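Beneath this line is the structure, given in structure tokens, with notes to follow.
The values are calculated or read from the model by the stated rules, or taken from the named source; none is laboratory data. Worth saying up front: this structure is predicted, and the values here are computed from it rather than measured. All Cβ positions, glycine included, derive from the backbone under ideal geometry; neighbour counts span all protein chains shown. Note: areas computed on protein heavy atoms with side chains; ligands, DNA, RNA excluded. Shrake-Rupley method; radii C 1.70, N 1.55, O 1.52, S 1.80 Å.
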Amino acid sequence: MAAGKLPGSRGQAWFCTTGLPSDVVFEVDEMSFHLHKFPLMSKSRKIHLLITEQEQNRRERRQTGVDNASGEEEEIEEEREEKAKDAYHIALVDFPGGPGTFETAAKFCYGVKIELTAWNVAPLRCAAEYLEMTEEFAEDNLVSRTERYLAQSVLRNLKAASKTLKSCEDLIPVADELGIVQRCVDSIALRASSDASGLLSWPVNDGAAAAAVLWNGLDTGMRRLRSSSSSAGDSWFEDLAILNLPMYKKVIAAMSARDLSSEAIEVSLVSYAKRAIPGLSRSSRRHASAPLSSEAEQRELLETVITNLPKERSSRETKTATTTRFLFGLLRTANILRASEASRSALERKIASQLEEAAVDDLLIPNYSYVVETLYDVDCVARILKYTLARLVEEEAAITAAEGEEGEGDGEEGRAPTGVRSMTRMGKLIDGYLAEIASDENLKPEKFSELALALPDHARVYDDGLYRAVDIYLKAHPRMTEEEKEKVCGVVDFRKLTVDACTHAAQNERLPLRAVVQVLFFEQLQLRRVIAGTLLSADHRLQPRTGAGAGAGEEDTWRSAVRENQVLRLDMDSMRSRVQELERECSTMKRAIKKIDGGDASVVEESGGGGGSEGRSAAAARKPRKYGCRFSTQVCDSHERNVVQSRASRLQLSP
């Protein structure tokens with residue numbers, strides 16, 4: 001048999017090279033098949049009926065022509081009959097599977113051995129139904145052959161069933177009427193349920209090897225997986241990714257009906273979305289075999305994936321939870337495709353269930369709204385954080401209630417560290433996010449402060465990260481008023497700054513005066529506490545060694561303690577001088593403000609010229625102090641060893 005182009009013919013022509021001239025021509029789409037009628041009539045009832053009908057019509061036309069034709073007309077009619085005897089012409093309209101499937105069916109009729117596969121068995125089964133190649137018409141016909149292969153090979157293997165189901169996409173509604181689609185869907189759901197344990201061992205992320213997540217060159221303490229050529233592509237959820245959306249939705253519905261685990265369905269959804277939606281994952285490209293879908297189809301697919309994702313977080317033991325990075329990728333794609341509000345809200349709540357595993361770059365969601373002017377979608381992050389905190393409160397209440405019923409046992413020891421670690425991670429995450437968005441000129445102070453204050457106090461051990469974000473914000477917004485600066489700086493608890501951060505803040509010209517005074521005041525309180533602790537420790541060490549038998553080592557210890565005390569006293573004197581200098585500067589600024597506002601000139605002159613305590617008291621009585629600070633007695637929680645060492649390095653005293 002051979003195929004080739006016929007000069008002057010329409011489309012392509014296919015010939016049977018048996019040495020005998022063909023007597024029947026089949027038209028399938030744009031392909032012409034020049035075959036012989038007897039092999040096909042012996043296998044197909046439909047072809048037998050069509051050729052028999054044409055033969056009957058020819059005989060009738062010939063009989064009619066003999067009765068009516070005479071002379072030249074009879075000769076013309078005979079010529080036509082001679083041409084008509086050459087071949088019968090049969091057009092097979094809407095033939096399932098197209099010319100390729102008809103070619104295979106024709107080979108089967110000629111007795112050529114054909115190879116059935118998962119890809120061609122469904123088209124051949126539909127073609128056999130179309131041509132009526134049943135067992136009643138011929139023994140071991142194509143219908144029985146294809147049905148036997150479906151039952152023995154395709155429906156017993158999940159991969160083969162997926163391929164056959166894919167081939168049925170162009171055979172609707174014939175494949176649906178024959179039950180091929182439903183049988184493949186049921187087989188996939190059954191095999192997936194039995195193979196769920198093998199599925200749950202595959203990670204659903206961008207790779208398999210853990211790597212440190214760096215942000216601005218610093219280790220964030222989190223780990224992400226590197227891409228690798230693992231054998232995860234052999235798992236069944238990769239096979240389902242070849243299906244179009246209607247077929248895939250049928251499979252997911254069948255899986256849900258069989259109570260397949262939510263983790264297995266989630267893994268399959270993730271794999272399907274990555275392959276079908278271009279640009280969904282930053283680190284991976286769209287699969288080459290995935291068809292390019294329209295925006296409406298991508299939106300429908302995205303909403304389908306989001307709707308079928310489990311509402312609750314997957315179990316930690318199964319290790320199949322969708323990565324937070326992928327969920328944020330879904331959220332970005334949902335914003336681009338303008339998905340429904342319900343879908344986006346469900347996705348935000350899903351992200352909130354595992355926010356502590358996110359990285360800073362995951363939170364940087366571009367703002368695609370024309371209403372909001374900020375570069376990143378800060379409102380979305382604020383909502384996710386709100387959902388996260390509400391979930392933690394509910395979990396804490398549930399655990400407390402359970403412990404109240406069972407009694408206070410050892411459950412507190414197992415859960416407290418995990419809750420503290422999660423909250424601390426979120427504190428670092430939000431501080432890093434604030435530092436990234438602080439340089440946005442369109443970010444309002446109110447929104448910045450609201451997001452910074454959303455976390456509880458125990459989420460941050462130190463406020464150094466938050467202070468860094470505030471400093472970046474002040475640098476990017478130099479035109480803020482003093483009131484706005486004080487509001488932004490109010491999010492920082494200066495008592496929770498480390499020594500290095502306190503030193504930087506005391507010399508930071510961008511901070512308002514109130515913030516600088518607070519930093520110096522808390523630093524002074526910290527020094528007092530350190531001095532008091534050092535003196536008590538020295539007295540405790542020296543008290544039992546005052547006798548005549550004190551050795552040289554004890555004398556060196558005493559001299560070292562005395563030297564440290566002297567250094568700390570000098571530092572306190574220096575700090576006291578700095579505070580007094582700031583107070584004088586504050587008084588000068590108050591007098592200038594009163595003069596600008598048109599206050600009482602006599603009060604200004606009295607407080608400015610004389611500088612006495614009575615004038616300052618009178619001025620303070622007439623107008624409330626704008627820069628007055630009320631300080632708490634709590635001191636900065638810093639390391640005492642660092643304080644002593646940094647101060648001692650400034651002065652070296654001989655014993």
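Quick notes on this one:
- Built amide H within the under 5 Å cut-off of Ser32, gap 5+: Gln12, Ala13, Trp14
- For Glu135, the accessible area of its heavy atoms, probed at 1.4 Å with every protein chain present, is near 80 square angstrom.
- When each of Lys447/Lys590; Lys107/Lys163; Lys485/Lys590; Lys350/Lys428; Lys350/Lys447 is checked by Cα-Cα distance, pairs over 27 Å: Lys447/Lys590
- Order by protection proxy (mean Cβ within 10 Å, highest first), peptides 296-309, 323-336, 371-384: 323-336, 296-309, 371-384
- Using heavy atoms of the protein chains and a probe of 1.4 Å, the accessible area assigned to Ser587 is about 30 Å².
- Surface accessible to a 1.4 Å probe, Ser144 within the full protein complex, Å²: 30
- Projected over every direction and averaged, the convex hull enclosing the alpha-carbon atoms of segment 432-527 yields 5.7 nm².
- Computed over protein heavy atoms with a 1.4 angstrom probe, the accessible surface ordering of Met255, Met41, largest first, is Met41, Met255.
- Around Arg460: net Lys/Arg minus Asp/Glu count, Cβ-Cβ under 10 Å: -3
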